[in-house]
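Report on one structure; see the data block that follows.
The values are calculated or read from the model by the stated rules, or taken from the named source; none is laboratory data. Just so it is clear, the structure is predicted and the values come from calculations on it, not from any experiment. Because the Cβ atoms are built from the backbone with ideal geometry, glycine has one as well, and the counts that use them run over all protein chains shown. Just the protein is used for accessible areas: all its heavy atoms, side chains included, with ligands, DNA and RNA removed. Shrake-Rupley method; radii C 1.70, N 1.55, O 1.52, S 1.80 Å.
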Amino acid sequence: MSEDIRKRAAELREALHRHNYLYYVLDEPEISDAEYDRLMQELIALETAHPELIEPDSPTQRVGALPLEKFETVAHTIPMLSLENAFGKEEVLAFDQRVRRFLNRDWPLVYTAEPKMDGVAVELVYENGRLVEASTRGDGYTGELITLNIRTIKMVPLVLLDTVSVTIPSRLEVRGEVFIPVEAFKQLNKERLDKDEPAFANPRNAAAGSLRQLDSRITATRPLDIFCYGVGMVTDVEFASHWEILQSLKALGFRVNPHIKARATIEEILVYYKDLLDRRHEFPYEMDGVVIKVDDLALQRKLGEKSRSPRWALAYKFPATQETTRVVKIDVQVGRTGALTPVAHLEPVSVGGVTVSRATLHNEDEIKKKDIRMGDTVLIQRAGDVIPEVIKVITTKRTGVEQPFRMPATCPVCGAKVVRLEQEAVSRCVNANCPAQVKERIKHFASKGAFDIDGMGDKLVGQMVDKGLVKSYADLFFLDKATTAGLERMGEKSAQNLMDAMAKSKQISLARFVYALGIRHVGEHIAHVLARTFESLKALMAATAEELVAVDEIGPQVSQSVRAFFENPENQRNIERMVEAGVTLETEEGATKETLAGKTFVLTGALDSMMRSQAKARIEALGGKVSSSVSRKTAYVVAGKDPGSKLDKAKEIGIKILDEKEFIEMTRTK
Ligand code: IVH
């Protein structure tokens, strides 16, 4: 083998390590996914042709080949302790007092605090800059060796970054928490259910289960991530503070949570806690509190530890998001398409600071599966803004009087027949004019992705339907101001606002219009597909079933549903009336493959609706490019939350700045 090949392989390994780091750790890729794949393919080809080139920490070697028989165990050099918990401000202040008394100090102490990740604790061992071992916390003294599984996590460096600021220790033990982000968790569960595999109860269980796979090829398919928050034994380097440890870990290529409160007083830490608690649902991962640590390592050593936990740290936990309560009764809610959703009415209980009195039970099969009965004591969970869910029944609390649930044979709202089709999990009310269905259809019609009528809230829609003012969404456009002003909790001003909002909404894209109609199986995405393909409402209404199924992504189910909708004379009449009322369909020019050709974007700050890598993919799909620094060649700077100096620079040299909404609008593909 020539020296050139050896050199090229080394170059590729280095480049791939670097781009892996830029993409997965910093979320600031410099090259496109396609380019990354090309480099990877080139290295794989070289290694296949010359197997002697393969090194254990080559970027190609993340996924191991053969499953293990069992996990070996390993003793931690320094025990992995747990933390003392605090649940209130008083306990935190008492902790501060205790620490200061121990140290004999009557002036304020400096703390560093960070999110407490709700995942699985691991230790990663690096020798001379190479990952040699990874283990679970186990009982704190010995853990299981899960090196092969940890290697599959792209956010874990196989080789440390060589930096001027930190010497690479001959041995470095890094501690961190492996977790699965919430959206990825939902997706993972969806895929599992599709494959008839049991869903994971929560992201933490999913992370733990994924790390405990004997076959690392399975682990490699799981969306695991990591934040590192500390060290075990370290040779050759002396750190002075916890903050310095975190900075060094970052410099060496580890993922460190960016939302850290560095070097602050205990009062500032309390403010930080409150802020994180309020905003915890905005984060893409689950946290269960804040870990407060004395920053100075000399003081940490003085403080030492008690039997299981250090004296210098405290976990200030968020209020629990799981609680037990009793199911008072189960009734059903009727949705837009007539679907009957069973709802559990609960004895009110505070979960994570919010009073919960209802939980969705999804459908009949779900109730059967979990065997939830009226009168049962149940464990409920509230995650993010989602509707609380019943996790399981505490069967030991059963007394024998609990009543199983039965789906009603008639609609509880209109009394019409309820049917359940064989291939479906849901039961439906067959009456399309059922007031519950009408209300839901109108709410959907006025919702954000549809006509987006500001001020058309649930209560207002309820009144309008109950009073017989609107029977279909077309009626909305024939409401007059006087009638509207006469409704409860309305007045001149709010009626005028509503009229204005409705007038404004009449200019609408075909895609939104189609979505607003509430055709079964036609969500926002399919509505876009239909609008893009048929280009006009007339053409869509005239499309035959064959023409519809010929469209990519449209199957027989959607096709049938669309046909049935437009063949229905009542629906035709409603559409005509909307047009009479002045609803006009904009012929919308969606973005295409060339829309952003030659345009360079710079991303700064965090976007609410997507990761940086997704934003990058969106730009690249439309022919644009993403660069990491602002120059006169930059066409747009997309500024998210907490933008950095790039925004200042853009303003300085007069580059067009887009906020998240404008960016999404610009890159929308019809
Ligand atoms: S420090 C001696 N920092 O919480 C200090 N722990 O109850 C030990 N955890 O087993 C840990 N996020 O799994 C620390 N930012 C963080 C953490 C964190 C999550 C977990 C860790 C540990 C448990 C302690």
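Looking across the stretch 126-142, the residues that are more than 11 Å from the ligand (Cβ to nearest atom) and either crowded, with 21+ Cβ neighbours inside 10 Å or not aliphatic (A, V, I, L, M) (or both) come down to Tyr126, Glu127, Asn128, Gly129, Arg130, Leu131, Glu133, Ala134, Ser135, Asp139, Tyr141, Thr142.
Let me spell it out: the conditions are (1) open to solvent by 50 Å² or more (accessible area, probe 1.4 Å); (2) within 25 Å of Pro284 (Cα to Cα); (3) assigned to a loop (DSSP other than H, G, I, E, B), and Phe200 meets all of them except one. Which number is the exception? With respect to (1) open to solvent by 50 Å² or more (accessible area, probe 1.4 Å); (2) within 25 Å of Pro284 (Cα to Cα); (3) assigned to a loop (DSSP other than H, G, I, E, B), Phe200 is out only on (1).
Which residue, of Val354, Val332, Val343, Val328, is open to solvent by 20 Å² or more (accessible area, probe 1.4 Å) and under 27 Å from the mean Cα position of the chain (by Cα)? Give the derivation first.
Working: Val332 fails: under 27 Å from the mean Cα position of the chain (by Cα); Val343 fails: open to solvent by 20 Å² or more (accessible area, probe 1.4 Å); Val328 fails: under 27 Å from the mean Cα position of the chain (by Cα).
Matching residue, one of Val354, Val332, Val343, Val328: Val354.
Can you name every residue in the stretch 647-664 that is touching a residue at least 24 places away in the same chain (Cβ under 8 Å) and either touching a strand residue (DSSP E or B) at 6+ places or on another chain (Cβ under 7 Å) or basic (Lys, Arg) (or both)? The answer is Leu647, Ala650, Ile655, Phe663.
In this structure, His242 does not qualify as open to solvent by 30 Å² or more (accessible area, probe 1.4 Å) and within 26 Å of Pro284 (Cα to Cα). What about Glu576, is it part of a helix (DSSP H, G or I) and closer than 25 Å to Glu183 by Cα? Judged against the criteria, Glu576 is not a match. Summed over the stretch 109-123, the residues that are in contact with a Gly (Cβ under 7 Å, 6 or more places away or on another chain) and either assigned to a helix (DSSP H, G or I) or surrounded by 24 or more Cβ atoms within 10 Å (Cβ to Cβ) (or both) give a count of 2. Listed by first and then second residue, the pairs with beta-carbon distance under 8 Å, at least 6 apart or on different chains, first residue in the stretch 543-570 and within 28 Å of Ala474 (Cα to Cα), second among the polar types (S, T, N, Q) and surrounded by 15 or more Cβ atoms within 10 Å (Cβ to Cβ), are Ala545/Ser559; Ala545/Gln560; Leu548/Ser559; Phe565/Asn571; Glu570/Ser472.
Within the stretch 79-108, restricting attention to residues that are open to solvent by 70 Å² or more (accessible area, probe 1.4 Å) and outside any helix (DSSP H, G or I), the residue that is nearest to the ligand (Cβ to nearest atom) is Phe87.
Report whether or not Val470 is over 30 Å from Arg668 (Cβ atoms) and of a type in the set (A, V, I, L, M, F, W, C).
Details: over 30 Å from Arg668 (Cβ atoms): yes; of a type in the set (A, V, I, L, M, F, W, C): yes.
Criteria met by Val470.
Restricted to the stretch 614-670, and to residues there that are basic (Lys, Arg) and part of a strand (DSSP E or B), the residue that is nearest to the chain's Cα centre (by Cα) is Lys641. Among the criteria (1) within 14 Å of Ala339 (Cβ to Cβ); (2) part of a loop (DSSP other than H, G, I, E, B), the one Ala436 does not fulfil is (2). The residues on offer are Gly449, Gly400, and the sole one that is among the small types (Gly, Ala, Ser) and without any contact (Cβ under 8 Å) to a residue 24 or more places away in the chain is Gly400. Scanning the stretch 36-78 for residues that are surrounded by 17 or more Cβ atoms within 10 Å (Cβ to Cβ) and within 16 Å of the ligand (Cβ to nearest atom) turns up just one, His76.
Looking at Lys467, Lys459 in this structure, which one is touching a residue at least 24 places away in the same chain (Cβ under 8 Å) and open to solvent by 50 Å² or more (accessible area, probe 1.4 Å)?
Lys459
The residues of the stretch 307-329 that are within 11 Å of the ligand (Cβ to nearest atom) and at pLDDT below 90 amount to a single one, Arg308.
Residues that are open to solvent by 50 Å² or more (accessible area, probe 1.4 Å) and part of a strand (DSSP E or B) within the stretch 357-371 comprise Ser357, Arg358, listed in sequence order.
With respect to (1) in a loop (DSSP other than H, G, I, E, B); (2) under 20 Å from Glu364 (Cβ atoms); (3) open to solvent by less than 50 Å² (accessible area, probe 1.4 Å), the lone exception for Gln423 is condition (3). Among residues of the stretch 44-61 that are at pLDDT below 95, those with a Cβ under 7 angstrom from a residue that is in a helix (DSSP H, G or I) and polar (S, T, N, Q), sequence gap 6+ or separate chain, pair up as Ile44/Thr60; Glu47/Thr60; Ile54/Gln61; Pro59/Asn20. For the stretch 187-245, which positions are of a type in the set (S, T, N, Q), free of Cβ contacts under 8 Å to residues at least 24 places away in the same chain and more than 16 Å from the ligand (Cβ to nearest atom)? Matches in the stretch 187-245: Asn189, Thr221.
In the condition set (1) within 13 Å of the ligand (Cβ to nearest atom); (2) acidic (Asp, Glu); (3) open to solvent by 60 Å² or more (accessible area, probe 1.4 Å), Asp288 is compliant with all but (3). Hey, does the stretch 519-537 have a residue that's within 30 Å of Ala482 (Cβ to Cβ) and in contact (Cβ under 8 Å) with a residue 60 or more places away in the chain? No: the stretch 519-537 contains no residue that is within 30 Å of Ala482 (Cβ to Cβ) and in contact (Cβ under 8 Å) with a residue 60 or more places away in the chain.
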